[in-house]
Amino acid sequence: MDIVVKGRKTEVPERFRKHVADKLNLEKIQKLDGKVISLDVEVSKEPNPRQADRSDRVEITLRSRGPVIRAEAAASDPYAALDMAAEKLGARLRKQHDKRFSRRGARRIPAAEVADHVPGAATLNGDGLVVGQDEADQVPTKKVGSLEVQGDGPLVVREKTHVAAPMTLDQALYEMELVGHDFYLFVDSETKEPSVVYRRHAYDYGVIHLSTDTMVAEEPSPDAGGTLGG
């Protein structure tokens with residue numbers, strides 16, 4: 001597997017290409033992910049002199065048979081940006097590797113053995129109803145693929161919980177750009193309320209704040225959210 005280095009509206013000198021090959025150790029990467037298909041490095045330059053401290057941006061994209069892993073960083077020169085992006089990529093690779101390893105080490109308990117391992121666990125009869133409760137108070141359970149769904153749903157196919165430190169709106173925008181998404185969920189450090197920043201048209205962004213104050217007026221639609229010049 002080769003590392004593909006390309007420039008977006010900028011030239012990439014041969015010296016930098018060699019530095020990329022030295023910095024991104026393919027042997028170490030393949031130890032963490034043995035199914036790597038490609039590794040692309042894109043270099044771009046911000047012409048705005050007011051952003052001189054972040055004028056050079058490096059984005060590393062690793063594609064494998066699993067999820068795509070992307071790391072991006074900006075600095076005053078491409079070498080510093082590459083160092084920061086490579087560090088983020090390594091951290092994400094190690095996290096993904098540890099996640100796969102922990103899943104392999106965990107033993108799943110078959111449904112028939114749950115009652116033997118979990119004291120007080122409910123059991124189902126042949127109709128999918130919980131044994132020991134009045135059938136009138138129960139909701140039938142059906143099998144949808146590998147999932148068990150009560151009643152008609154709704155069907156929740158994925159649920160995630162993330163630990164997030166409160167951050168400013170500017171930091172949330174920066175984090176959204178790092179992961180390359182069109183929206184980013186965060187906890188506002190000023191209001192301590194959950195908020196979402198999202199990409200609008202051109203270089204504009206919108207932000208939606210959620211409030212637990214029942215006196216607050218009804219939330220506007222996303223199109224009515226405030227915008228930030230980007």
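Here is a check on your reading of the model: is VAL139 over 18 Å from the mean Cα position of the chain (by Cα), surrounded by 10 or more Cβ atoms within 10 Å (Cβ to Cβ) and modelled with pLDDT under 60? Give the derivation first.
Details: over 18 Å from the mean Cα position of the chain (by Cα): yes; surrounded by 10 or more Cβ atoms within 10 Å (Cβ to Cβ): yes; modelled with pLDDT under 60: yes.
Taking the combined requirement at face value, the residue satisfies it.
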Query raised in the report: Identify, please: which residue in region 1-34 is assigned to a loop (DSSP other than H, G, I, E, B), among the hydrophobic types (A, V, I, L, M, F, W, C) and under 26 Å from the mean Cα position of the chain (by Cα) and is, among those, surrounded by the fewest Cβ atoms within 10 Å (Cβ to Cβ)?
Result: MET1
Requested in this report: Please find, within region 2-20, the residue that is farthest from GLY90 (Cα to Cα) out of those that are modelled with pLDDT under 90 and touching an Asp or Glu at 6+ places or on another chain (Cβ under 9 Å).
Outcome: THR10
**Report entry** Matching residues in region 176-208 - criterion: being surrounded by fewer than 17 Cβ atoms within 10 Å (Cβ to Cβ), in a strand (DSSP E or B) and at pLDDT below 90
**Finding:** PHE183, ASP204
Query raised in the report: Which pairs do you get when a residue that is outside the structural domain of LYS9 (by TED's automatic domain parsing), found in region 44-58, comes within reach of a residue that is of a type outside the set (S, T, N, Q), reach meaning Cβ atoms under 9 angstrom, with the pair 6+ apart or on two chains?
Result: none
Requested in this report: Taking the residues in region 81-99 that are under 15 Å from LEU39 (Cβ atoms) and within 14 Å of the chain's Cα centre (by Cα) as candidates, determine which candidate is modelled with the lowest pLDDT.
Outcome: GLN96
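If a residue has to be within 17 Å of GLN96 (Cβ to Cβ) and in a loop (DSSP other than H, G, I, E, B) to count, how many in region 35-49 make the cut?
Step one: of region 35-49, the residues within 17 Å of GLN96 (Cβ to Cβ) are 35-39.
Narrowing further to those that are in a loop (DSSP other than H, G, I, E, B): 35.
So the count comes out to 1.
Which of the residues belonging to region 51-98 are part of a helix (DSSP H, G or I), in contact with a Leu (Cβ under 7 Å, 6 or more places away or on another chain) and not hydrophobic (A, V, I, L, M, F, W, C)?
Within region 51-98, the first condition is being part of a helix (DSSP H, G or I), and the residues that meet it are 51-54, 78-98.
Pick out the ones that are also in contact with a Leu (Cβ under 7 Å, 6 or more places away or on another chain) and you get 86, 89, 93-94, 97.
If the condition is that a residue be part of a helix (DSSP H, G or I), in contact with a Leu (Cβ under 7 Å, 6 or more places away or on another chain) and not hydrophobic (A, V, I, L, M, F, W, C), then ARG94, HIS97 are the ones that fit.
The values are calculated or read from the model by the stated rules, or taken from the named source; none is laboratory data. These figures come from a predicted structure and were not determined experimentally. Methodologically, a virtual Cβ is constructed for each residue, glycine included, from the backbone with ideal geometry; neighbour enumeration extends over all protein chains shown.
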